[in-house]
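Since the structure comes first, as structure tokens, the remarks are kept for the end.
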Amino acid sequence: MKRDLSVRALILRALDLRSLAACALFALTGCASIGAGGSAARDVVAPLPIASITNGVWMKGDLHIHSRHSKDSSNNPISKIIGLAEAVHMDYLLISDHDNHVNGDVAHNTWSDPEFKSKSVILLYGAEWTTPRGHGTALSATPYDHQRLYDVRNDRDVKILAVKKQLGIHLSANHPANANAFTFSYDLVDSVEVWNSAVWSSNAGAIRIWDGLLKSGRKLTGRGGSDSHHGYPDTPALATPLSYEAPANNVGTPTTWVFGAERSGQAVVDALTNGRVSISANPYAPRVAFYASLHQDGRMDMMMGDNARPTGKPVVFRVELSGKTVSGALYTVKVVKDGAPFASLSMKGETPMVEFTDTPDTGQRSYYRVEVEGPPTAYPEVPGSVALSGKMVALSNPIYFNFDPNF
Ligand SMILES: [Zn+2]
Ligand SMILES: [Zn+2]
């Protein structure tokens, strides 16, 4: 036995020497690494890690809403916002008050408000970073020192990035094509607000900016946010000139869905960062899921947010709607590839589903995302939002190929 082992060790040693010789030869010609199998190409197309697409939980919420701690809010108490979020079965919520209204001291205002609590909704910690160079959203599963981010708002981007990294927060660009658009470097952020408020049609500029960022190789999550400032006044006497907005733009217009590893605040933040995210018109509207089968075995093995090395063979993509769909209604799926229209498909049924096939280029970056239009879904608590969202039902984040994970 011992002798067998030593013989085997000698053979392995000989193979190592052969590999070393080959490496030396390739080093002269500028070749990259080479394994014991002698295949440099295999290293180049090494697969990227993809988490399970089934072990997890879908969670819905709103990532942009203002309470009475924002001075441009119509004295909207936190309890009313959380009450509506609970009533429409939100899983998580970020109350994102303007930090400049409290000179950065969010911790002793929004977060310390006795009403800042919920038994059923995961409350994230954050604020709308409100600066002369536009607005962003800072968020975290746990309290952090927001004052530090506020204090560097007018510094160079490189300094802001360092503070952001030290705080360990997720930073997102807000309403990038509207008033107070985010004008910092997008290298500071992990996501972009591509669907702001119930008025879907006002987001065309944000979508264009997002596609431009994606085409540049930045893997940035698209997310939603109602940016609601106005609750229902308790009495007509408490109404303000903007109270009329409450029945048109409120919690969940739109609703951002995330696929997290578990039901926790950290899982929500992680999903936002990795892009396993879709957006729906309101909390009752259907949710879109976008999958791909890389290996032609009939099984979906990727979802939106995932990034893979193409095999050079056709990939089957699947678009699915779930939840409160309108039976028999036709839903239109607009497929966008690398920022340009790629296909227009339709689907219907109880659980509408459609598939398409394409072969991503093995030598180039590419991404695919979908937008779904169809019959609107009623939102009884915020009835005026339905007409504002129109036919827009939901949009997905992209499925990515060949994106540099170290960009
Ligand atoms: Zn804003
Ligand atoms: Zn806002």
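By how many degrees, 0 to 90 and rounded to 10, does the Cα axis of helix 157-167 deviate from the longest principal axis of the chain?
90 degrees
Answer rounded, prolate or oblate for region 123-186, using the Cα gyration tensor with square roots of eigenvalues a ≥ b ≥ c: rounded when a/c is under 1.5, else prolate when a/b is larger than b/c, else oblate.
It is oblate, given that a/c is not under 1.5 and a/b is not larger than b/c.
What list of ³J(HN,Hα) couplings, whole Hz, do you get for region 285-297 from phi and the Karplus terms 6.51, -1.76, 1.60, once you set θ to phi - 60° and write x for glycine and proline?
5, x, 9, 9, 10, 10, 10, 8, 10, 7, 10, 6, 10
Among the DSSP beta bridges whose two residues both lie in region 83-172, what percent are antiparallel, rounded to the nearest 5?
Taking every DSSP beta bridge with both residues in region 83-172, the antiparallel ones total about 70 percent.
Would you please classify the overall shape of the chain from the alpha carbon gyration tensor, given that a ≥ b ≥ c denote the square roots of the eigenvalues, rounded means a/c under 1.5, and beyond that prolate means a/b larger than b/c while oblate covers the rest?
It is prolate, given that a/c is not under 1.5 and a/b is the larger ratio.
Please list the non-local residues whose amide H lies under 5 Å from the amide H of Ala127, H modeled 1.01 Å from N, same-chain partners needing a gap of 5 or more.
Ala138
Pick from Pro176, Pro241, Pro341 the residue whose mean-square fluctuation is largest in a GNM of the chain, springs joining Cα atoms under 10 Å.
Pro241
Here are some pairs, Lys71/Lys164; Lys313/Lys337; Lys80/Lys117; Lys80/Lys119; Lys119/Lys165; Lys324/Lys348; which of them have Cα atoms lying more than 19 Å apart in this structure?
Lys71/Lys164; Lys119/Lys165
Return one quarter of the surface area of the convex hull spanned by the alpha-carbon atoms of region 41-118, equal to its mean projected area, in nm².
Taking the Cα atoms of region 41-118, their convex hull projects to 8.8 nm² on average.
What relative contact order, as a whole-number percentage, does region 260-407 give when Cα pairs under 8 Å and 6 or more residues apart are counted?
28 percent
Just from its helices, what would the mean residue ellipticity at 222 nm be for the chain, if runs of 4 or more DSSP H residues each count -39500 (n - 2.57) and the sum is divided by every residue, rounded to the nearest 500 deg cm²/dmol?
When only DSSP H runs of four or more count, the value is -6500 deg cm²/dmol.
Where the centroid of each part is defined by its Cα atoms, how far is region 244-314 from region 328-388 in Å?
13 Å
Rounded, prolate or oblate: pick one for region 180-245, where a ≥ b ≥ c are the square roots of the eigenvalues of its C-alpha gyration tensor, a/c under 1.5 means rounded, and failing that, prolate if a/b is larger than b/c, else oblate.
Taking the square roots of the gyration eigenvalues as a ≥ b ≥ c, region 180-245 is prolate.
In whole Hz, what ³J(HN,Hα) sequence does region 245-250 give by Karplus (6.51, -1.76, 1.60; θ = phi - 60°), x for Gly and Pro?
Karplus-based 3J(HN,Hα) across region 245-250 equals 6, 3, x, 10, 9, 8 Hz.
Can you sort Phe317, Phe407 by how many other beta carbons sit within 10 Å, fewest first?
By the 10 Å Cβ count, ascending, the order reads Phe407, Phe317.
Return the sequence-ordered ³J(HN,Hα) values of region 221-231 in whole Hz as given by the Karplus equation 6.51 cos²θ - 1.76 cosθ + 1.60 applied to θ = phi - 60°, using x for Gly and Pro.
6, x, 9, x, x, 6, 6, 6, 10, 9, x
Could you work out which residue, out of Thr131, Thr359, Thr253, moves most in a Gaussian network model of the chain, that is, has the largest mean-square fluctuation with Cα springs under 10 Å?
Thr359
Averaging sequence separations of C-alpha pairs under 8 Å and six or more residues apart, then dividing by the length of region 244-342, give the relative contact order as a whole percent.
In percent, rounded to a whole number, it is 21.
Nearest 10 degrees is fine. How inclined is helix 204-215 to the longest principal axis of the chain, computing both from alpha carbons?
Approximately 20 degrees, to the nearest ten.
Can you order the peptides 158-171, 194-207, 219-232, 384-397 by their average number of other Cβ atoms within 10 Å per residue, highest first?
Sorting 158-171, 194-207, 219-232, 384-397 by mean packing, highest first, produces 219-232, 384-397, 194-207, 158-171.
Taking 8 Å as the Cα distance limit and 6 or more residues as the minimum spacing, I'd like the relative contact order of the chain as a percentage.
Normalised by residue count, the contact order of the chain is 15 percent.
Compute the acute angle (0 to 90°) between the alpha-carbon long axis of helix 78-87 and the principal axis of greatest extent of the alpha-carbon atoms of the chain; round to the nearest 10°.
The angle comes out at about 60 degrees.
Here, each number is a calculation from the coordinates, and none is a lab measurement. All of these numbers come straight from a predicted model, not from anything done at the bench. Note: ideal-geometry Cβ built from the backbone for every residue, glycine included; neighbour counts use all protein chains shown.
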